[in-house]
Each structure stands twice: as C-alpha cells, then as structure tokens.
Amino acid sequence: MPEEEAPSGASSREARVFFSLALAALIGFLAFVGRGILIPVVFAGFASFLIYTLKETIKKGPIVGRFLPNWLCYLFAFAAIASILLFFAEIIRDNVEKLIAEAPLYEARLRNLTHGAIDAIEAGGLVPADFAASVDQLRQNALSLIQPLLGQIGGSARSITANFVTVFLYTAFLLIERGRIFKKIALLSADERQRRVVDETIGDIGAMVREYITVKSAVNLVMAIAGYLILRLLGVDFPGFWALLLFVLNFIPIIGAVIAVAAPALLALVEPEGGARLALLTLALLFAVEQVMSSAIEPRLVGRSLNLSPLVILFALALWGALWGFAGLLLAVPITVTIMIVMTQFQPTRPIAILMSDSGEIAPIKRPAT
C-alpha cells in the first residue's frame, strides 16, 4: 500500500544521505593522510592535461604538424612544459633565497615607515591615543610575522623543487597510461552501447577540463609577462619572482590576486630607491592588468558554465587549504571546477553542480545515455 511505502522511501533517502556524508568524510580523511602522495599526482594530472592540449595544438600545426607522429608531438609538448617548469624552479630557487637574505633590510625600512606614520597620527591628534596604541601593537604583531612567513615560503619553494622529479615521473606515466585508463573505465559496463556512452562522456569531460586548465594557465601566463615588464620598467627588485607569483597565485581566486598585486607594491615602498610614489604606481598598473585579464578577457574565454559561486570558492579554499596547505590553496579551484564539470555530465548530480555554479547556468549533458 502507498501509505506503507512512504516511510520506506524516506528511510532510503536518509540512508543515501548518511552514506554520502560518510563517503565524503572518508575521502577527506584519506586526502589528508595521503597528501604527500596525492599532491604530486594531482599536479601531474593537471600537467598531463596541459601537455595533451599542447600536443593536439602541435598536431594541428599548419606546416609540419600533420606529418608528425603522435609520439613525437607528445615529446615536443612534454619537453616544452618541462622546460617551463624547470625555468620556474630556477626562478624560485634564486629569487627566494635572495629575498630571504635581504629581508631584514626591507623589514627594518618597513618598521621605520610604519612607526613614523603612527607617530604622525598620534602627534596630529587624528585618532584617540588608546586607538593609536592599539594600531601600533597590531603593527608590531604583523611585522613580527614577516620572517616566519618568508621561512615558510622558502620551505614551500624548496619542497616544490624537490618534488619536481616525482611530478615529472607521474606525468610521464599518466600520459603513457592515458588511453588504457579510459578503456578500462569504459569496460566496467557490460553493455556495448553503455560503454560507448561512457567513453564519449569521459572524452567530453576531459575536453572541458582541459579547456579550463589551458585557458586559465594561458591567462595567468599573459598576466605574469605583463607584470614582469611593468616591474622591470619601474625598477622594482626581483621582477622575475613577482611575475611567477602573479602566475601561481592567480590560480587562487580573490586572496591570491590581492597578495600577488600587493606584495610587489609593498616591496616597491620599502626598497632603497622606492617610496610611496613607486608603490602606488606599481599597485595601480598591476591592479589594472589583473582586472583586465580576470574581469574582461578570462570570462569570455572560459565561459559562464565553468564559473563557481563565490561562497563555493571560499569553502573550497578553506577545505583544501586545511587538507593540503599552500598546495591545497593552489589546487582548490581547479579541483572544484573539475568536480563540478563532472557533475554537470550526469543527471543525478546536476542539481549539485547548479548549486555550485555562479549563475545556475551549467554546461549541457554532452552525451545523454539513450
């Protein structure tokens, strides 16, 4: 009878919710415990997407691309990405060590500037004395964090360069196993038509993820080149390092962009030949470049269907940052976008993807199972 089936249906839904939450908790626990193994694998996964996209670009080249075998196109693409990563690693190694070595000089100048500003505020009677004392205490606490923060940056940089070989090997084997992995996933279904649908769906999901990662990387690279030219022209110290920071931190929405723009402006303020004028000019030009790329160009290239809700972005940053630290902050949005793209391609999970999206507009199902 219908009256007797309702409690059973409600119980079934509650059981599904419980098992879903338990599975999410288990995945989070495994991600935290196995972060030393999983982080290089995830980085390698995104690197393999870039290499595959570059390989396809070379293959479609107008002159000799169509005559080159796949393995040679892969080799050229792999060499290009590896060279870029080695170049980045060299920038990190040189600039971070120099920045840490010269940090006491910059810190002393920053202390003098902020102390002078506090004294001027107190002398002018612009704010109550108690408030000025509180601001001065806050200033001292903030400045005391500079050296530990630089030490963490140096440790992270050394960790990234140390794991380069591991990421390199994972990327190579992922590219080698790429076709076989997809075939094995398709073979999980016994029905031939269902296998074809699964295979086509995986291909479509891979294409959409590649589009996001490739476009985001290209936009960040253009932003980094523009930032390097600006900093070089203005004479700000360590332009290569700050350009790399622009490239990397713009994978972290909101927070990353603020830090990437504010950090070189702060250095321009405290360096020996700098000052307020240079700092404001640096801040204005970098902010203009960041706004043009992130607000005008990137949305046109990526499309609204890949956008995430700001609340989801903040939650993803908090979650992955807690699980994987700085690497989690870098990977939070690419991972979340990938999860949302996968969810858009399956009818049962499309409501979750709609809630995760910014406007509620998500990509259509490319290969509906009929």
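Numerical summary
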quantity	calculated
In region 312-354, the residues that are farther than 21 Å from ALA24 by Cβ and open to solvent by 40 Å² or more (accessible area, probe 1.4 Å)	PHE326
Residues that are in contact (Cβ under 8 Å) with a residue 24 or more places away in the chain and open to solvent by 20 Å² or more (accessible area, probe 1.4 Å), drawn from region 243-256	PHE247, VAL248, PHE251, PRO253, ILE254, ILE255
Residues (without any contact (Cβ under 8 Å) to a residue 60 or more places away in the chain and open to solvent by less than 20 Å² (accessible area, probe 1.4 Å)) located in region 221-241	ALA224, LEU231, VAL236, PRO239
Test: residue in region 194-213 that is of a type in the set (Gly, Ala, Ser) and either open to solvent by 50 Å² or more (accessible area, probe 1.4 Å) or touching an Asp or Glu at 6+ places or on another chain (Cβ under 8 Å) (or both)	no
Selection count where residues are crowded, with 19+ Cβ neighbours inside 10 Å and either more than 18 Å from LEU105 (Cβ to Cβ) or among the acidic types (Asp, Glu) (or both), scope region 266-292	6
Any hit, region 19-42, residues being modelled with pLDDT under 70, over 19 Å from LEU317 (Cα atoms) and open to solvent by 50 Å² or more (accessible area, probe 1.4 Å)	no
Residues of region 282-320 classified as assigned to a helix (DSSP H, G or I), out of contact with any strand residue (DSSP E or B) (no Cβ under 9 Å at 6 or more places or on another chain), modelled with pLDDT under 85 and among the small types (Gly, Ala, Ser), total	3
Search result, residues across region 355-370 that are surrounded by 16 or more Cβ atoms within 10 Å (Cβ to Cβ) and at pLDDT 80 or above	MET356, SER357
Residue match in region 293-314 (condition: under 29 Å from TYR228 (Cα atoms), of a type in the set (Asp, Glu) and more than 22 Å from the chain's Cα centre (by Cα))	no
Test: ALA31 is in a helix (DSSP H, G or I) and more than 18 Å from the chain's Cα centre (by Cα)	no
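The values are calculated or read from the model by the stated rules, or taken from the named source; none is laboratory data. For clarity, every value in this text was computed on a predicted model and none was experimentally measured. FYI the Cβ positions are ideal-geometry reconstructions off the backbone, even for glycines, and counts take in every protein chain you see. Side chains are part of the model used for accessible areas, which takes the heavy atoms of the whole protein and leaves out ligands, DNA and RNA. Shrake-Rupley method; radii C 1.70, N 1.55, O 1.52, S 1.80 Å.
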